Amino acid sequence: MTVASQTSVEIASQPALWQRALDLLPSFTDLLPRTGERVAVVGCGTSWFMAQAYAALREGAGLGETDAFAASEAPLGAGFARRYDRVLALTRSGTTTEVLALLDAVRGQVATTAITADPNTPIADLAQDLVVLDWADERSVVQTRFPTSQMVLLRAHLGEDVSGLPAQAAQALEQPLDKELVEAEQVSFLGRGWSYGIAREAALKVRETAAWWTESYPAMEYRHGPISVARPGRAVWSLGPLPDGLAEQVRATGAHLVTARHDPLAELVKVQRLGVALAERLGRDVDNPQHLTRSVVLSS
C-alpha cells in the first residue's frame, strides 16, 4: 500500500481549515488592518506572493492604499514607516530573517501586525499584534495550507463573500489532473489583478515540490515574448480570466491550455496537487525537496 506524503495530507486538509478560518474571523478582526489605513504588506517567498494578492484585493476594494514588498526589498529609508499606518507581516515560521529585520527597523514608528503559525518565536517580540493560525501550520517544508487559510481569512476580513470556498477546495481535490499537465515538460501560470500573485505562488509551488521548470506572468504580458516557449508538450494554466484572443493564440502554439474553473485560490489547490504528481513521476521526495528548508534564517 502506498503511503501518502505529509505534503499530500496537508493539501487534503484545506477545505476544513478554510472553514475554520471563516469561523474564527471575529476573533481576529480587531488585529487586522482597519478601513482607511495605509498598509505595507511584507513577506518572503510564498508569503510575498500572498502579500501581492492581498494588496491588490484590499486596494481594489477601496479599503485603503496597500503596497506589497518582499521583506528584503522594502524601501526602509526616506521615511518608509511614516508613509504607512500599519505594516502587516506574513510569516509562517516567525523566524524568517528578512521579516524580523524589517519589523525591528520600524519598531516604535508604525503599528505592526504579524500573521504566523508559531507564536513562540522571535516574531512575538517584534510585532505589536499577532494573528496566530497554529491550526493551519505544516510539518512540510513546502507551504500549502497555511498561506491559503491565511488568504481565506484576509479575504473574508475585506468583506468578500468567500463562504463557498471550502466547497470549491473540496472539488479541486477530487477533480482528476489533466494527463497533459502531469506529463508536461514546462508549465507557465497566468493571472490578472490579484490572481497574478496566486499565479506566482503556483509557479513557485511546482518548482519547490518537483524542481520543475515553471514560469508566471500577468496574462496580458504573456504574449509579449514569453509565449515564444509554448509548444506541444508544454502547458499554460490561467488562474484567472484570459484576455480576449489569448486562448486562441496559446492553442495555436500546440501547448496544452488550462482555464480556471474555480476561484484562483481553489485552482491553487489543484496546482499543489500537480506539484506532488510531478514529484512522484520524477521520483522526487516531495516532503524533503532539494536545497530547501522550512525557514530561511541567515547568519548575522
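What about Gln52, is it in contact with a Gly (Cβ under 6 Å, 6 or more places away or on another chain) and either over 16 Å from Trp194 (Cα atoms) or in contact (Cβ under 8 Å) with a residue 12 or more places away in the chain (or both)?
So Gln52 fits the description; yes.
Which residue out of Ala230, Ala247, Ala252, Ala211 is open to solvent by 10 Å² or more (accessible area, probe 1.4 Å) and within 19 Å of the chain's Cα centre (by Cα)?
Selected residue: Ala211, the only one of Ala230, Ala247, Ala252, Ala211 that is open to solvent by 10 Å² or more (accessible area, probe 1.4 Å) and within 19 Å of the chain's Cα centre (by Cα).
Can you spot a residue in segment 128-136 that is open to solvent by less than 10 Å² (accessible area, probe 1.4 Å) and assigned to a loop (DSSP other than H, G, I, E, B)?
Residues of segment 128-136 that are open to solvent by less than 10 Å² (accessible area, probe 1.4 Å), as a first pass: 131, 133, 136.
Narrowing the set further to residues that are assigned to a loop (DSSP other than H, G, I, E, B) leaves 133.
Yes, segment 128-136 contains a residue that is open to solvent by less than 10 Å² (accessible area, probe 1.4 Å) and assigned to a loop (DSSP other than H, G, I, E, B).
Exactly one of these conditions fails for Ser47: (1) touching a Leu at 6+ places or on another chain (Cβ under 7 Å); (2) more than 23 Å from Phe146 (Cβ to Cβ); (3) of a type in the set (Gly, Ala, Ser). Give me its number.
(2)
What is the residue count in segment 257-289 for residues that are surrounded by fewer than 21 Cβ atoms within 10 Å (Cβ to Cβ) and more than 30 Å from Glu160 (Cα to Cα)?
The qualifying residues number 10.
Taking Gly240 as the residue in question, decide whether it is touching a helix residue (DSSP H, G or I) at 6+ places or on another chain (Cβ under 6 Å) and surrounded by fewer than 19 Cβ atoms within 10 Å (Cβ to Cβ). Give the derivation first.
Numbers: touching a helix residue (DSSP H, G or I) at 6+ places or on another chain (Cβ under 6 Å): yes; surrounded by fewer than 19 Cβ atoms within 10 Å (Cβ to Cβ): no.
Considered against the rule, which asks whether it is touching a helix residue (DSSP H, G or I) at 6+ places or on another chain (Cβ under 6 Å) and surrounded by fewer than 19 Cβ atoms within 10 Å (Cβ to Cβ), Gly240 comes out as no.
The values are calculated or read from the model by the stated rules, or taken from the named source; none is laboratory data. Computed from a prediction, not measured in an experiment: that's the story for all the values here. All Cβ positions, even for glycine, are placed from backbone atoms using ideal geometry, and neighbour counts span all protein chains on display. In case anyone asks, the SASA skips ligands and DNA or RNA and just uses the protein heavy atoms, side chains included. Shrake-Rupley method; radii C 1.70, N 1.55, O 1.52, S 1.80 Å.
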